[in-house]
Amino acid sequence: MAGHETLTATLSTVAYGGLVQGHADELATLRRAFSEDGFVYLDLGEQEGDPGSVFHGIEAVFTSGAEFFSTSLDEKMRYDVDAIGPYKLHGYKPAERNGGIAENKKDGVEAYVLPRDGICDNDTPEKIHLPPAFQGQRALIKHLLDQLHSIGLVLLKALDNTGSLTSRHRPDKTSTSCLGVLRYPSLSARTMHTGQGAHTDVGSLTILFCRERGLQVLDPRTEQWRYVEPRAGCAVINVGDSLRFLSGGALRSSLHRVVPYPGVDIQDRASCAYFMRPELDSEFVDDSGRRWASLHWHMRKYRVYRSSAHEQKRDTASSTILTGKPSFLGFWEEERSAVGRSVSEDRS
Ligand SMILES: O=C(O)CCC(=O)C(=O)O
Ligand SMILES: [Fe+2]
């Protein structure tokens, strides 16, 4: 088997404090990382235990998430995200609802999605009804969502200080931005429905917190899948489709997936992601020159996420909607991925 170094993605690290202060070298590193890899480690410069830190909020959300996920499936399904609303911004997504990491597999991740609007009260007539596990944490979650949105705005400003990006992500405007708390009950080659299939993200920036392995990014230079190693004190940030389109293709919407790590079974993998997305009526043009309102791209993309692998195959034959690549689903193949063979070989 290949050594760990050949399994691991080499991603740049950017210091958040340096971006806030406008340090030219940090800005340049961020721009290069987002245009080449679409991924970066963001060193938040906070101690993980500090009260008031982002990590403190993330820990609390993980705790609430674990409490919620431990309730019965019947109880969880009372908050079915697909039943609560058309935009899939609030509620529970059970495992095995989306396409999976290989043709005959479904996804192996359950999630609870907390909408920024509704919790931060942007244009929301009624407060949303959260499950008991999250209810007592409403103020903390609001604070965390505000912190994460501010971090996203610092990154967007660093990418383009003319304001063309920040003006599409104003904190008081309605958007599909949300926080997802995710649980992979068993990330293992021995589990039938496991992980999360290859995809690019819908929105602008994803700010991800996870202490366990399993996330892989497709290295655009070598076309090989590489694991993103968790790094203490850092969030992992990636560019999504909306930001790629808003930047006229200058930034890369990176292809990623969550798959078993060779030689280990990971039980109860927890991750938490802030999906920062453009204001609802923002518009952009996709690869084929078609103009979209951000909400319509969001809806279209979720239709593809929810499809079976068979339907995804049909969709990706005629468009690049799921992975950004025509006719490419990025399926995982156990032994081959363990030795780090190239994707073109995997797909032949
Ligand atoms: O759980 C992870 O590490 C990544 C999750 C992800 O890519 C997503 O939910 O879009
Ligand atoms: Fe993702």
Pairs, first without any contact (Cβ under 8 Å) to a residue 12 or more places away in the chain in the range 264-284, second more than 14 Å from ligand 2 (Cβ to nearest atom) and not in a loop (DSSP other than H, G, I, E, B), C-beta under 8 Å, six or more apart
283/291; 283/292; 283/293; 283/294
Taking the range 182-196 and keeping only residues that are open to solvent by 10 Å² or more (accessible area, probe 1.4 Å) and either of a type in the set (Ser, Thr, Tyr) or under 29 Å from residue 118 (Cα atoms) (or both), one is left with 182, 183, 185, 186, 191, 196
Those residues of the range 225-246 which are within 15 Å of ligand 2 (Cβ to nearest atom) and basic (Lys, Arg) amount to 244
Residue check, residue 83 assigned to a helix (DSSP H, G or I) and either farther than 18 Å from residue 209 by Cα or among the aliphatic types (A, V, I, L, M) (or both)
yes
If I filter the range 167-181 down to residues being more than 18 Å from residue 81 (Cα to Cα) and open to solvent by less than 50 Å² (accessible area, probe 1.4 Å), which single residue comes out as nearest to ligand 1 (Cβ to nearest atom)?
169
So, residue 328, is that one assigned to a loop (DSSP other than H, G, I, E, B), under 23 Å from residue 98 (Cβ atoms) and open to solvent by less than 30 Å² (accessible area, probe 1.4 Å) or not?
yes
Which pairs have Cβ atoms under 6 Å, sit 6 or more apart or on different chains, and link a residue in the range 191-217 that is farther than 13 Å from residue 269 by Cα to one that is more than 7 Å from ligand 1 (Cβ to nearest atom) and among the polar types (S, T, N, Q)?
198/323; 200/253; 203/242; 204/242; 206/238; 217/254
Lone unmet requirement of (1) open to solvent by 10 Å² or more (accessible area, probe 1.4 Å); (2) in contact with a helix residue (DSSP H, G or I) (Cβ under 9 Å, 6 or more places away or on another chain) for residue 64
(1)
Per the filter on the range 32-41, residues open to solvent by 40 Å² or more (accessible area, probe 1.4 Å) and either touching a Gly at 6+ places or on another chain (Cβ under 8 Å) or in contact (Cβ under 8 Å) with a residue 24 or more places away in the chain (or both) are 35, 36
From 148, 140, 144, 89, residue being in contact with a strand residue (DSSP E or B) (Cβ under 8 Å, 6 or more places away or on another chain), within 25 Å of residue 169 (Cα to Cα), open to solvent by 10 Å² or more (accessible area, probe 1.4 Å) and not small (Gly, Ala, Ser)
89
Right, residue 29: open to solvent by 20 Å² or more (accessible area, probe 1.4 Å), without any contact (Cβ under 8 Å) to a residue 60 or more places away in the chain, hydroxyl-bearing (Ser, Thr, Tyr) and assigned to a helix (DSSP H, G or I) or not?
yes
Go through the range 263-309 and report how many residues are open to solvent by 30 Å² or more (accessible area, probe 1.4 Å), assigned to a loop (DSSP other than H, G, I, E, B) and not polar (S, T, N, Q).
8
Has the range 220-240 got at least one residue that is surrounded by fewer than 23 Cβ atoms within 10 Å (Cβ to Cβ) and of a type in the set (Gly, Ala, Ser)?
yes
Scanning the range 247-261 residue by residue, the ones that are among the aliphatic types (A, V, I, L, M) and in contact with a Phe, Trp or Tyr (Cβ under 6 Å, 6 or more places away or on another chain) total 2
Residue 184 passes all but one of the listed conditions (1) touching a Phe, Trp or Tyr at 6+ places or on another chain (Cβ under 9 Å); (2) of a type outside the set (Asp, Glu); (3) within 14 Å of ligand 1 (Cβ to nearest atom); (4) assigned to a strand (DSSP E or B); the exception is number (1)
Which residue pairs have Cβ atoms under 8 Å apart, sit 6 or more places apart or on different chains, and have a first residue in the range 225-244 that is under 23 Å from residue 260 (Cβ atoms) and a second that is β-branched (Val, Ile, Thr) and part of a loop (DSSP other than H, G, I, E, B)?
225/259; 226/10; 236/228
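The values are calculated or read from the model by the stated rules, or taken from the named source; none is laboratory data. For clarity, every value in this text was computed on a predicted model and none was experimentally measured. Positions of Cβ are backbone-derived with ideal geometry, glycine not excepted, and every protein chain shown enters the neighbour counts. SASA here: full protein model, heavy atoms, side chains in, ligands and nucleic acids out. Shrake-Rupley method; radii C 1.70, N 1.55, O 1.52, S 1.80 Å.
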